[in-house]
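Down below is the structure, laid out as structure tokens.
The values are calculated or read from the model by the stated rules, or taken from the named source; none is laboratory data. The model shown is predicted, which means the values in this text are computed figures rather than measured ones. Cβ placement follows ideal geometry from the backbone for every residue including glycine, while neighbour counts extend to all protein chains displayed.
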Amino acid sequence: MNEMTELASICTSDLTQTAGLGTGPVSCEPYRSPAYFERERENLFKRAWLTVGRVEQLPEKGSFFTKTIEIWNAPIVVTRGSDDRIQAFYNVCAHRGNQVVLTERGRASRFSCNYHNWVYRNDGSLMGVPDEANFFDLDKKKCGLVPIAGAFAGGGGILR
Ligand code: FES
């Protein structure tokens, strides 16, 4: 061992001890534990910004694209509304949880759930409910697609 290698070894050892770290093997449990992964999904990935697409994917009013965010285990739809505003929503019907938008991309001013035909505007608001009179206490303002915080900047879109 030459002088430099010995010096580096001493410094590394001192730093390890100073930081309170051991030199034994590191547990591999975090890499294979489903419970650990679920905690990581909830506490890390649901709070972190994730890239979902680019502005070019929404070239005109009414453009949309869908995607499944695997780490969230959730389908989303990203739209450019008639007011040119880009928004993202969970692609889940407020009625019974059916996936509302089934196509990958396109242009639409409204989306119709194919289960019981609830209709949403591309800004996420609930527009129509068949047989609405029989849904007592239905507040359509509270039954839109659930928005996801997001930002589109520099051409890229991120969500959390
Ligand atoms: S689940 Fe969408 S309309 Fe019923």
- Message: Between Glu132, Glu104, which is exposed (fewer than 14 other Cβ atoms within 10 Å of the Cβ) and away from the ligand (no atom under 14 Å from the Cβ)?
- Response: Glu104
- Task: Among the numbered conditions (1) under 19 Å from the mean Cα position of the chain (by Cα); (2) at negative phi; (3) not in a strand (DSSP E or B), tell me where Gly97 comes up short.
- Result: (2)
- Out of (1) in contact with a helix residue (DSSP H, G or I) (Cβ under 9 Å, 6 or more places away or on another chain); (2) more than 24 Å from Gly124 (Cβ to Cβ); (3) modelled with pLDDT of 85 or more, the odd one out for Thr23 is which? (3)
- Given (1) among the hydroxyl-bearing types (Ser, Thr, Tyr); (2) surrounded by fewer than 16 Cβ atoms within 10 Å (Cβ to Cβ); (3) in contact (Cβ under 8 Å) with a residue 12 or more places away in the chain; (4) away from the ligand (no atom under 16 Å from the Cβ), index of the condition Thr68 fails: (3)
- What do you reckon, is Asn122 under 20 Å from Ala149 (Cα atoms) and either in contact (Cβ under 8 Å) with a residue 60 or more places away in the chain or away from the ligand (no atom under 16 Å from the Cβ) (or both)? yes
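In the list Asn98, Asn73, Asn117, Asn91, which residue meets the criterion of being of a type in the set (S, T, N, Q) and loosely packed, with under 12 Cβ neighbours inside 10 Å?
Result of the check over Asn98, Asn73, Asn117, Asn91: Asn73.
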- Query: Under the condition of being over 16 Å from Ala149 (Cβ atoms) and part of a loop (DSSP other than H, G, I, E, B), which residue from region 72-90 is farthest from the ligand (Cβ to nearest atom)?
  - Reply: Asp84
- Go through region 71-107 and give me each residue that's of a type in the set (A, V, I, L, M, F, W, C) and touching a residue at least 60 places away in the same chain (Cβ under 8 Å). Ile76, Val77, Val78, Ile86, Ala88
- Message: Looking only at residues that are at pLDDT 95 or above and not in a loop (DSSP other than H, G, I, E, B) in region 55-66, which one is farthest from the chain's Cα centre (by Cα)?
- Response: Ser63
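Every residue, every condition in (1) closer than 27 Å to Thr51 by Cα; (2) of a type in the set (A, V, I, L, M, F, W, C); (3) over 16 Å from the mean Cα position of the chain (by Cα), yes or no:
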residue: Ile69; (1), (2), (3): yes, yes, no
residue: Val78; (1), (2), (3): yes, yes, no
residue: Tyr120; (1), (2), (3): yes, no, yes
residue: Ala133; (1), (2), (3): no, yes, yes
residue: Asp137; (1), (2), (3): no, no, yes
residue: Lys140; (1), (2), (3): no, no, yes
residue: Val146; (1), (2), (3): yes, yes, no
residue: Ala149; (1), (2), (3): yes, yes, no
